[in-house]
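> Let me give you the structure first, and then I'll get to my questions.
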Amino acid sequence: MNKRIAILISGTGSNMLALVKSMEGDHPGTVALVLSNNPNTIGLQRAKNLGLPIVCLDHRPFGKDRIAYERALHQVLLNHSIDFICLAGFMRIFTDEFISLWEERILNIHPSLLPKYKGLKTHQRAIDSGDCEAGCTVHLVTSKLDAGPLLGQARVKIFENDTAHLLRRRVLSQEHKLYPIILKRFLAGHRNFFHLDK
């Protein structure tokens, strides 16, 4: 039986679309839910247009009570019989309590070559550091931010006079290729590191 996947988004959902498109044929996973914390996100409308089950769980009514939000999120996931979570631009940092409930069942894609540049503004930080390449990483989510086991990476060159905007576009293109590959491998039981050739 296919594993039921929840894709969590906060923005346009471009990685969500790449994952959805890949889950066809003999893929071991199926999209059982697309959830966003942002009621106005384009990504949620895109998922709805594809006929996918969607839920908006707005974080704002919960104020600063992260635990209460996560408990509500956990219940939504249980209600949809979710097996694994794919974070695809979901702009929330989980508490240890939530992660313990979903240990080794949450994947995330991060726009840097981890362990470099955890957190935000990764493209500008890579340029400012004089790096010759950047990229993206799919990893398991743990209690430490962007520090879980690495499952795969894709690299892109940084050119002279590059900008964060241009670099972001090239990295995002690789994200759309890498994430579906890693998800399929992960669901098939492969945990060894994978590098996507250019």
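Laboratory data are not the source of any read-out in this text; all were calculated from the coordinates shown. Model, not experiment: these values are computed from the prediction. Cβ coordinates were reconstructed from backbone atoms using ideal geometry, including for glycine residues, and neighbour counts include every protein chain displayed.
> Need one number: nm distance between label points at Q124 and S81, each 7 Å from Cα along Cα→Cβ, rounded to one decimal.
Calculated label separation equals 4.6 nm.
> Which one of F84, F94, F62 has the biggest mean-square fluctuation once the chain is modelled by GNM with Cα springs under 10 Å?
Maximum among the listed residues: F62.
> Full extension from C56 to T30: what is 0.36 nm times the residue separation minus their Cα-Cα distance, to one decimal in nm?
7.4 nm is the gain from fully extending C56 to T30.
> Under the definition of Cα pairs under 8 Å and six or more residues apart, what whole-number percent is the relative contact order of the chain?
Numbers: 372 pairs, mean separation 39.3, N = 198.
RCO, the chain: 20 percent.
> Quick check: net charge around T142, other residues with Cβ under 10 Å of its Cβ, Lys/Arg +1 and Asp/Glu -1? Could the numbers behind the result be given before it?
Numbers: positive: K144; negative: D96, E103, E104, D146.
Net of charged neighbours comes to -3.
> Can you tally the net charge around T122? Count Lys and Arg as +1, Asp and Glu as -1, for every other residue whose Cβ sits under 14 Å from the Cβ of T122. If you can, show how the numbers build up before the last one.
Details: positive: K116, K118, K121, R125, R155, R168, R169, R170; negative: D128, D131, E133, D146, D162, E175.
Neighbourhood net charge equals +2.
> For a test of the definition: using alpha carbon positions, the gyration tensor, and the 1.5 limit on a/c, classify segment 1-82 as rounded, prolate or oblate.
Taking the square roots of the gyration eigenvalues as a ≥ b ≥ c, segment 1-82 is oblate.
> Under 24 Å Cα to Cα from K144, which lysines show up? Leave out anything in the same chain fewer than 8 places away.
Straight-distance partners of K144: K64, K116, K118, K121.
> While we're on this one: log₁₀ I(q)/I(0) of segment 1-144 at q = 0.14 Å⁻¹, via Debye over equal Cα point scatterers, no solvent, to two decimals?
Ignoring solvent entirely, the Cα scatterers give -0.70.
> Now a separate question. Where does the charge balance sit around N40 when Lys and Arg score +1, Asp and Glu -1, over other residues with C-beta under 14 Å from its C-beta?
Value of the local net charge: +2.
> Relative contact order (percent) for segment 1-80, with alpha-carbon contacts under 8 angstrom and 6 or more residues of separation?
Once normalised by length, the contact order is 29 percent.
> Please give the charge dipole size of segment 42-107, origin at the Cα centre, charges +1 on K and R Cβ atoms and -1 on D and E Cβ atoms. Round to the nearest 20 debye.
Using Cβ point charges on Lys, Arg, Asp and Glu, segment 42-107 gives about 380 debye.
> Can you show me the helix-derived [θ] at 222 nm for the chain, built from DSSP H runs with n ≥ 4 at -39,500 (n - 2.57) apiece and divided by the number of residues, rounded to the nearest 500.
The helix-only estimate for the chain comes to -10500 deg cm²/dmol at 222 nm.
> Going by Cα centres, segment 129-198 and segment 5-46 are how many Å apart?
Cα centres, segment 129-198 to segment 5-46: 18 Å.
> Under a plain spin-label model, where a point goes 7 Å from the Cα along Cα-to-Cβ, how far apart in nm are R66 and E104?
2.4 nm
> Nothing charged except the Cβ atoms of Lys and Arg (+1) and of Asp and Glu (-1): what's the magnitude of the dipole of the chain about its Cα centre? Round to the nearest 20 debye.
Working: 26 positive and 18 negative charges, 52 e Å.
Using Cβ point charges on Lys, Arg, Asp and Glu, the chain gives about 260 debye.
> How much length, in nm to one decimal, is gained on full extension between R92 and M1, taken as 0.36 nm per residue of separation minus their Cα-Cα distance?
Numbers: separation 91, 0.36 × 91 = 32.76 nm, distance 3.02 nm.
The span from R92 to M1 would gain 29.7 nm if fully extended.
> Which lysines have a Cα less than 22 Å from the Cα of K48, not counting those fewer than 8 places away in the same chain?
K3, K21
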